[in-house]
Every structure is written in C-alpha cells, then in structure tokens.
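To keep things clear, I will list the structure first and then write my remarks on it.
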Amino acid sequence: MIEIGAQVDLSHPPTRVWLALTDRALLGRWFTEAETVEGVPDRLLLHTAGLPGFEANVEVEVTERQVPELLVLACDEAGRLSELTCRVTATGQGCRLEVREATTHGAWSAEQHEPREQQLRQSLTVRLPAILDWLAFQQVDLRRNDGGMTAELPLVGARGPARARRRRHQLAAMLGGVVAFGGVAAWAALPDEPNRSAAPSSTPSLSPSPSGTLAAPTATRRATPSVRPSRTVASPTARPSRSVSVQPSLTPASAPPPPPSPSLTARYDTDSSRLFGYTGEVVVGNLAGTPVGDWAVVVTLADGSTVDDVDGANWRQNGRAITFTGAAVPAGGSQTFRFDVRDNRPKARAPEACTVGGNPCTGL
C-alpha cells in the first residue's frame, strides 16, 4: 500500500470546511471540476486528467461520512483503486483538515507520486484558504439571498445546524473582514497626488533599469557661475574672472548586470486561474548550441499580489519584482517553472511585466 497525504490548519469552522469539501461548485474552484456520472447518482467524476500526478479522470463514490468530521471516498483512476480520507478536527482557532490517500489496487509510478502529493498540498494550503475566505465574505454579503452554490456531493447530506455561540464568533470575524475590505476600497478611491510641477529641478528622479528594478536616484544640479570683479582698475580691458562650481559625480550606485545572452528566450502563460490568485508558467528556451547556466527571469507582479510557492526554480523577491533562477538550459532545449500567486482582489490580475536577461517575455 502506498500513501500520500497533507494537512492544513484553517481559521474557519468545521461546517464551512465541510461545505468546501462536499459542494461540487466549490470543489471545482479549489481542486478540480466534478460532475455526476450519468445513470449512477451515487458517484462523481473528477476531471483530474492533466493535473500533475494524474493520468486520467477519477471516479469517486462516498463510502462513509460523519458530518462535519469524516468523509471517505473510494476512487478509481483508470483501474487503479485507492481510498481517500478527509478528516476535520475542531481547534481553538478554527479546524485542522487532514487528507490521506492510500492505494488498494495498483500503485502510482515514481513519476506520479511526488507531483500528486505536491498538487494535493498546494490545493489545501493555497487554493482552499482563499475559497474559504471568499465564502465567509459571501455569508455576510447582502446578496446572499440571490442563491448560488447549492449542488452538493451525492450521499453527503446538508450541513448540520451550527451552534449559536459559534455563529456569533463567526459573524464577528466576518464583519471584521468586511470593515477591512471597505478600508481598502476607500484607499483605492483617494485622488492622485497634487501636481508637483512647481518643485525645484533638483528633485531626484527614479528611472527603471533594463532589469525592471528602480535605479538609485541621481541628483541633477545646475552649475551657478560666480562673478568676482577684479580690484585692478588701471587697465580698462580688465574683465571679471569667472569660476564655475564643481558638478556632482554621476557614478552609478552599483555596477550594471552582465549583458544577457541573446540566445535565451522566455514565454509566459497563465496555467490556471482561480479566485484570489492564479498559477503562472514560464518556459525558458536556449537557441544556442551550448548550454546556458547563468540565466534570470524577472516577473513584476501587480500591486497587492504575492508569490506563495514555486516549482522548478529558485526565487527571491524585491518589492513586486520576483527574480527566478535555476539549472542550466541545455543547448536547443528549455527549462520550465511554475509559481502560485495570491491576489487580494477576487479577480486576479496577470503580472505587469516579464523579462529574461532584460529582454521581454512573449505571452504578456
């Protein structure tokens, strides 16, 4: 028996987490789309083909449920059978969700095991918390009576009634989120800064460098001639001497980066979008006949976006600029890396820029 698993601590009550596990529309937002199997109402078909670690769609059937604590599913992926167990445990801050999958017939290959577990971990720690935050906001939204996500997983009953004290605590936390959301909206509506055209010309100016980062400010000073009249009046041809003040040095703060290799190219693509985030993918290509080991891709995120996880590259962050580096790109080959982004807006925004060695990526 081969087993994979992951767990996450969530600042949400067990009933809300249970809804995210059993509502088909919510399940499609944080894991994958699901549909009922025609003629078999007790089963679902999960569209997992193409996800990392999955070779085909998975047919699942609920075999045990204890609302809102335990959900057990029997899974069939093209003849490979497994059992998936979801356990929800209440904590002082919310609840803990533990997910385990163990094979009962057949086994995953070595190439499947690690990507499959990583896909599960990313879904639980990145996408699920974002959907739960959004769901908490929807539950106090005045538009909640408009209907919405009501199609639930077969054999999983409706949510049990919540205790009055827990509901009061939930409402207080969610109202706090609404107040914070309103503060962000008010900040976004503030007018631009006043016109500064009357400012002196010596104000430092910021100019973007080829790598997408801001260069150090350089002061611009105007040389002022000083006129000093001569004290000798015997000769009518005597002229006042002029001395010019010394101009400041224009030496840059740091040495410029080495010139990029013209053989490198990069293509950006949004691999998957979701509420409050997306997954970006960059393919670095090498057109040269020799490997290129010193490469760097700089992605500039939209304001309010942050990187949660990166697969296939090393990375460091400087403000909104994320620099990715990695293994050498083989001659005539490519290297691919992906990164998960969280956005503080429900509709995630794509990166503002992407460069490889200062040259723009295609796809943006």
For the stretch 345-358, which positions are surrounded by 14 or more Cβ atoms within 10 Å (Cβ to Cβ) and of a type outside the set (A, V, I, L, M, F, W, C)? Arg345, Arg349, Pro351, Glu352, Thr355, Gly357, Gly358
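In the set Gln93, Gln112, which member is part of a helix (DSSP H, G or I) and modelled with pLDDT under 90?
The match here is Gln112.
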Quick count over the stretch 319-344, residues being open to solvent by 50 Å² or more (accessible area, probe 1.4 Å) and within 15 Å of the chain's Cα centre (by Cα), is 5
Conditions (1) modelled with pLDDT of 90 or more; (2) over 31 Å from the mean Cα position of the chain (by Cα) -> Arg87 fails only (2)
Return the total of residues in the stretch 32-52 being in contact with a Leu (Cβ under 8 Å, 6 or more places away or on another chain) and not aliphatic (A, V, I, L, M). 5
Taking the criterion of being more than 22 Å from Arg127 (Cα to Cα), touching a helix residue (DSSP H, G or I) at 6+ places or on another chain (Cβ under 9 Å) and surrounded by fewer than 17 Cβ atoms within 10 Å (Cβ to Cβ), would at least one residue in the stretch 38-47 satisfy it? no
From the list Val307, Val297, pick out the single residue that is touching a residue at least 60 places away in the same chain (Cβ under 8 Å), hydrophobic (A, V, I, L, M, F, W, C) and either buried (at least 21 other Cβ atoms within 10 Å of the Cβ) or closer than 16 Å to Ala350 by Cβ (or both). Val297
Just the residues that are in contact with a helix residue (DSSP H, G or I) (Cβ under 8 Å, 6 or more places away or on another chain), under 20 Å from Ile322 (Cβ atoms) and either aliphatic (A, V, I, L, M) or modelled with pLDDT under 80 (or both), please, taken from the stretch 247-296. Arg274, Phe276
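In this structure, is Arg96 within 19 Å of Leu120 (Cβ to Cβ) and out of contact with any helix residue (DSSP H, G or I) (no Cβ under 6 Å at 6 or more places or on another chain)?
yes
Is at least one residue of the stretch 7-17 closer than 20 Å to Gln119 by Cα and over 24 Å from the mean Cα position of the chain (by Cα)?
Initial filter on the stretch 7-17 (closer than 20 Å to Gln119 by Cα): 7-10, 17.
Still in the list and also over 24 Å from the mean Cα position of the chain (by Cα): none.
For the stretch 7-17, residues closer than 20 Å to Gln119 by Cα and over 24 Å from the mean Cα position of the chain (by Cα): absent.
Does Val282 satisfy the criteria of being under 21 Å from Ser123 (Cα atoms) and assigned to a strand (DSSP E or B)? Let's see the steps before the verdict.
Values: under 21 Å from Ser123 (Cα atoms): yes; assigned to a strand (DSSP E or B): yes.
Judged against the criteria, Val282 is a match.
Out of curiosity, is Arg87 among the basic types (Lys, Arg) and part of a strand (DSSP E or B)? So that I can check it myself, show each step before the final result.
On the way: among the basic types (Lys, Arg): yes; part of a strand (DSSP E or B): yes.
Yes, satisfied.
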Filter the stretch 48-79 down to the residues that are open to solvent by 40 Å² or more (accessible area, probe 1.4 Å), in a strand (DSSP E or B) and over 21 Å from Trp18 (Cα atoms) and list them by number. Asp76
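The values are calculated or read from the model by the stated rules, or taken from the named source; none is laboratory data. Everything quoted here is computed from the prediction, not taken from an experiment. A quick note on method: Cβ atoms are made from the backbone with ideal geometry, for glycine too, and the neighbour counts reach across all protein chains shown. The protein model used for the area step is the full one, side chains on, heavy atoms only, and it has no ligands, DNA or RNA in it. Shrake-Rupley method; radii C 1.70, N 1.55, O 1.52, S 1.80 Å.
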